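A quick write-up on the structure given underneath.
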Amino acid sequence: MRELTYIARRTVEWREAPDPTIQSSQEAIVAPVAATSCDVDSSILAGHGFIDPPFALGHECVARVTDIGDHVTSVAPGDLVVVPWSISCGTCAPCRGGLTAHCTSVPHMAMYGAPIGGSWGGLFSDLVRVPYADAMLVPLSAGLDPVAMASASDNWPLAWRLVAPHLKARPGARVLVVARGSIGLYVCDIARALGACDVLYVAPDAEHRRLAESYGARTAETIEPIRHGFDLAVKATGRVDQLALAVRSLAPEGICESAGNHFRPGELPLLDMYLTGVTLRIARAHIPDALDLAASGKVSPERVVSHVLDWDQLPDTLPEKHLKPVFVRDLTPSPAPN
């Protein structure tokens, strides 16, 4: 099989790898059919990551199950599933508590798309081994579009986690979104759908701001800190100075959620945070609840998809700067054997 491999700044290529096989009764083999780049992949492709190449890339996809182990009960060959970015067993204490990204049955931070916590390959591959199929694979509801949900492995449920629980606890909250990429746009969509009274989206890209406006958000290219301006601030960039902007704009006892991967150092306004009583959290995703919202019809994640491209275009097209390209293969199931 082929796996897309990051080899140098803005350079990826197909490399041959052995076809994965079932190694235990709990495993499944899946074939990605709609895969997309995470916002952090843009930083990796730009050469800002902290892991030296080469390594298999990709950790967001909807896939079709091709084979399962004898003890797998939740999915069957032919099913469309979301493949989570992190590897998790579903039975250890962190997994049972919902902290699947901190599974203790695998090395710390085991994940697809980067050689962290082992070599699990990437989801821009023709085939992928899933070691704990019942725990990891999330069936895609029949009414959901695989292309719109290609980001359900990470960015879409992460956006849900950044804002949805807080709006449940603080109905009608004012939300600031400082962003560069798809996560902030998903947040705008979700925040308005869940009743935020005001959403201000701050980003340099004019097209992204127009898309945020279509979700009902106010927009700005840049802002200065707005004292006591927001109940919730979401920062979805890798810049620490923008994290400082977000926390300085919070009302007393406000909450800041950060989704950025901070590959570069910086300083936070700790005294301001102390005086305001800020809560700062670096967020992780939760897939099932986010898929429920997507299936409700209250949100439109498909608007964030910037391009739909053929799977074989990955090496030439992925390094280009796109908001949210989705690479697809045949989405129709294989005919059942006679």
Take every Cα pair under 8 Å in the chain that's 6+ residues apart, average their separations, divide by the length, and report that relative contact order as a whole percent.
17
Taking N as the number of residues in region 215-338, what is its alpha-carbon radius of gyration divided by 2.2 N^0.38 Å?
1.44
Which distance in Å, rounded to a whole number, links the C-alpha centroids of region 138-198 and region 1-55?
25
Helix 182-193 vs. the chain, principal-axis angle (Cα, 0 to 90°, nearest 10)
70
For region 191-251, rounded, prolate or oblate, judged on the Cα gyration tensor with a ≥ b ≥ c (square roots of eigenvalues), a/c < 1.5 rounded, else prolate if a/b > b/c?
oblate
Calculate how steeply helix 155-169 sits against the longest principal axis of the alpha-carbon atoms of the chain, using the helix alpha-carbon long axis, and give the answer as 0 to 90 degrees to the nearest 10.
50
Whole-Å distance linking the alpha carbon centroid of region 239-313 with that of region 69-113 is 23
To the nearest 10 square angstrom, how much accessible area does residue 215 have with a 1.4 angstrom probe?
20
Considering only protein heavy atoms, with the full assembly of protein chains and a 1.4 angstrom probe, order 183, 282 by accessible area, largest first.
282, 183
Heads up, I need the accessible area for residue 134: 1.4 angstrom probe, whole protein in place, Å², nearest 10.
60
Please report, in whole Å³, the volume per residue of the convex hull around the C-alpha atoms of region 60-216.
139
Percent carbon-and-sulfur accessible area, the chain, ignoring ligands, DNA and RNA, probe 1.4 Å
51
Here the alpha-carbon Rg of region 70-140 over 2.2 N^0.38 Å rounds to 1.08
With runs of 4+ DSSP H residues as the only contributors, calculate the mean residue ellipticity of the chain at 222 nm using -39,500 (n - 2.57) per run, divided by the residue total and rounded to the nearest 500.
-6500 deg cm²/dmol
Relative contact order (%) - region 1-70, alpha-carbon pairs under 8 angstrom, separation at least six
44
Quote the Stokes-Einstein diffusion coefficient, in whole µm² s⁻¹, for region 136-287, based on the Kirkwood radius over alpha carbon pairs, a temperature of 20 °C and a viscosity of 1.002 mPa s.
138
Expressed in square angstrom to the nearest 10, the accessible area of residue 275 with a 1.4 Å probe stands at 120
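The values are calculated or read from the model by the stated rules, or taken from the named source; none is laboratory data. Note that the coordinates shown come from a computational prediction; the quantities given were computed from them, not determined experimentally. SASA here: full protein model, heavy atoms, side chains in, ligands and nucleic acids out. Shrake-Rupley method; radii C 1.70, N 1.55, O 1.52, S 1.80 Å.
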